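The values are calculated or read from the model by the stated rules, or taken from the named source; none is laboratory data. Just so you know, these numbers come straight off a predicted model, no measurement behind them. Note that we place each Cβ from the backbone using ideal geometry, even for glycine, and neighbour counts take in every protein chain shown. In case anyone asks, the SASA skips ligands and DNA or RNA and just uses the protein heavy atoms, side chains included. Shrake-Rupley method; radii C 1.70, N 1.55, O 1.52, S 1.80 Å.
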Amino acid sequence: MHEQSTDAEQLIADLEEVYETDYEVGQDNIERFGLDMHNPVFFISASLIVLFVALSLLFPEAAKDGLESTKAWIQVVFDWVLLSAGNVFVLFCIALILLPVGRIRIGGDDAEPDFSLVSWFAMLFAAGIGIGLMFWGVAEPAAYYTDWYGTPLDIEGYTEQARPAALGATMYHWGLHPWAIYAVVALALAFFSYNKGLPLTIRSTFYPLLGDRVWGPIGNVIDILAVLATIFGLATSLGFGAQQAAAGIGFLFDLEGGLPTQLVIIGCVTALALISVLRGIDGGVKLLSNINMSLALVLLLFVIVAGSLSAFVVNYGQTLSGYFQSILPLSNPVGRTDDTFYHEWTIFYWAWWISWSPFVGMFIARVSRGRTVRQFLTAVLVVPTLVTTVWMAAFGGSGLDQIEQGIGQLADGIGDEALVLFQMLDNLPLASLTSLLGICLVLVFFVTSSDSGSLVIDSITSGGKTDAPVTQRVFWAIMQGVIAAVLLSIGGTAALDALQAGAVSTGLPFTFVLLAMCVSLALGLWHEHQLNQAIEAVEV
Amino acid sequence: MFERIMVPVALDHADRMERTLDAAADLARQYEAPVTYVAVSGKVPNAVARTPEKFAAELDMFAREQGSRAGITTEALTLTSNDPGAELEKRLLEGIEKTGADLVVMGSHPPGVADALHLIGSHAAWLVRHSDVSVFVVR
């Protein structure tokens, strides 16, 4: 008996030794002027950001051509890689839910969740997807139904089959697949940080594969790439978002939605983001996310009731059946004939989700301590997908109903995709009130994106520290606003297009990074499972 | 004059806190007041420890060491935060309430270029403005 227990204790000691790294959080950091920054990640990232912005301003057309053709090349040549990888992530998550490793608790057996379920769900949408749902909820199903830019599986537009296909294909782009991508990154970051004690930065997730080499140049490259993808992704969406919000305000109030309005919007969003940053997670992002979720719920209920409840029930049925019917053919990477839809929508989305995954994943990781792997994955995969089915059925469904019945501007097809939401709301009662609510929602989602983005970039550029001076987060939030404003004022849409294409292009290298992360995470979870079993054996 | 002294500690920079710790110990002896060392830990691994529990253990040890070194009564209080970067000062204010301290002894740097440029000044300056207990700033 005694010998047995020493054997088990030896096993525990051996297992624990695997993650004994001498690396100390912040050991490569430089502390000057009251700041605390990782060397070289902070400095190289900051220099590259300045360089890329300068190049896209000096040579906007050349930068646009270069980066957009890179993006197009990725979309066409690596289409099957991105699509297959997306499927792998979904299957990987489902496997982890079913396997015994699902019992592992993030943060250890005694960890308790830091946030209530409601706030946690609200924050899942804070870091990027929320704006997308506002923007594409009506526009995307309408685009497929009217054959605006390709249709899913080449189904003919304006037909009876085109309806469930349009709703189902939109769900495919906003359902299990994107959330699986975010879930993998979030779980890997949370697990290696909270359970294995490694710094909260992207490179830590590769410790089982690379060992102490992750603290060297390989890790620097991964972290810098993540910073660039995040800041350019955020800054360019802020730029485009300002254009859309200005267009929306112009549509509502008959105002000039030109550059001055756009710059004022960027200024307001950045200012609010700064206040939110200074108040910290609980007083900032959490509060704003809760407010936004309530506002979104009000708008959702309004659209369901005002667009007629019976129509919603029909549309919900079609969204679900469309999703179930199309998920397999749409995830199939071989023998596709719907090139325009497949490359310009699906592959673009996949590259986009993947390039945003370090950002969204790290933010979700930050707020997910205390939940088991099974709870975490089920909640991150299933709940947002279900919420999105309701959202798409209400917003997309109402849009399609108006097109079919020839009501309002949507009946003439999609002109400016930024205005589609407002054109749909225009034909429901209280249009000016609901449109204003819509604009508020979009703007607050931008504030939460900017705030959570600054939090994530600061964590990466300070070597995984979360107690670095908050001034650094202020710096990153201002950088996003400044980049967006400068690009818009000097380079215009061409410069924004160029850098966004650049950000999306990082989706390809990150696809391979994420696939390796799955392997690494599986190894890490297996290790934790063995360790837990060994500890249980000793206690018994 | 003082019943209990609170000393906020940055455990990862304890080596730079000698003057503050000595000043606190002198005051503790003079007024026969116990000292509570307070530190704020995030939930993710930091330079001090890999988990909040280990962080608390480190602070306990630190308090015991200080007690035996200076011959004073000491205690430790670890506060946790979801966002220590942004919430440190609010947590310290909470620490004053929890410990019931009527004197805070804390280190700070002389105000320089950084303080003029930063949106936020030093933690000590903030505490002076927001707390109603006495604050002794050691530079």
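Structure notes:
- Between 0 and 90°, nearest 10: helix A:41-58 axis offset from chain A longest Cα axis: 20
- For chain B, the 222 nm mean residue ellipticity estimated from helices alone, with every DSSP H stretch of n ≥ 4 adding -39500 (n - 2.57) and the total spread over all residues, rounds to -14000 deg cm²/dmol.
- The count of lysine pairs in the protein assembly as shown that are at least 8 places apart or cross chains, and whose C-alpha atoms lie under 18 Å apart, stands at 10.
- Packing-based order for B:74-87, B:2-15, using average beta carbon neighbours within 10 Å, highest first: B:74-87, B:2-15
- For residues of A:460-471, the mean tally of beta carbons on other chains within 10 Å: 6
- Counting Cβ atoms of other protein chains within 10 Å of each residue's Cβ and taking the mean over peptide A:185-195 gives 1.
- A straight chain from A:GLU9 to A:LEU51 at 0.36 nm per residue would run longer than the Cα-Cα distance by 9.7 nm.
- Computed FRET value (nearest 0.05) for B:ALA57 with A:ASP254, which takes r as the C-beta separation and R₀ as 56 Å: 0.30
- Counting Lys and Arg as +1 and Asp and Glu as -1 over every other residue whose Cβ lies under 14 Å from the Cβ of A:SER308, the net charge comes to -2.
- As a ratio to 2.2 N^0.38 Å, the alpha-carbon radius of gyration for the protein assembly as shown is 1.02.
- When each of the peptides A:135-141, B:129-135, B:90-96 is scored by the mean number of other C-beta atoms lying within 10 Å of its residues, the order from highest to lowest reads A:135-141, B:90-96, B:129-135.
- Stokes-Einstein D in µm²/s, Kirkwood radius over Cα pairs - the range A:411-540 at 4 °C with 1.567 mPa s viscosity: 66
- The length gained on full extension between B:ARG64 and B:THR80, counted as 0.36 nm times the residue separation minus their Cα-Cα distance, comes to 3.7 nm.
- A versus B: buried accessible surface, summed, Å² (probe 1.4 Å, to nearest 100): 2200
- Peptide B:35-46 has a mean shielding of 5, counted as Cβ atoms of other protein chains within 10 Å of each residue's Cβ.
- Acute angle (nearest 10 degrees) that the helix A:431-461 long axis makes with the longest principal axis of chain A, alpha-carbon atoms: 30
- Accessible area in square angstrom per residue, the protein assembly as shown, 1.4 angstrom probe: 39
- Mean separation of Cα pairs under 8 Å and 6 or more residues apart, divided by the residue count, gives chain B a relative contact order of 28 percent.
- Highest average packing first - A:43-54, A:275-286, Cβ atoms within 10 Å: A:275-286, A:43-54
- Dividing the summed helix terms, -39500 (n - 2.57) for each DSSP H run of n ≥ 4, by the number of residues in chain A produces a 222 nm estimate of -24500 deg cm²/dmol to the nearest 500.
- Expected-Rg normalisation [2.2 N^0.38 Å, Cα atoms] applied to the range B:5-138: 1.01
- Within the shell of other residues whose beta carbon sits under 14 angstrom from the beta carbon of A:GLN472, the net charge comes to -3, with Lys and Arg scored +1 and Asp and Glu -1.
- Angle between chain A longest axis and helix A:176-190 axis [Cα atoms, degrees, rounded to 10]: 30
- Prolate/oblate/rounded label for the range A:136-282 (Cα gyration tensor, a/c 1.5): oblate
- Exposed GluC sites (Glu not before Pro) absent - longest run of chain A, DSSP non-H/G/I/E/B, at most 14 other C-beta within 10 Å: A:257-540
- Carbon and sulfur %, accessible surface of the protein assembly as shown computed with the full protein complex present, 1.4 Å: 61
- Whole-number percent relative contact order across chain A, with pairs defined as alpha carbons under 8 Å at least 6 apart: 36
- Surrounding net charge for B:GLU65, when Lys and Arg each add one and Asp and Glu each subtract one, Cβ distance under 15 Å: -4
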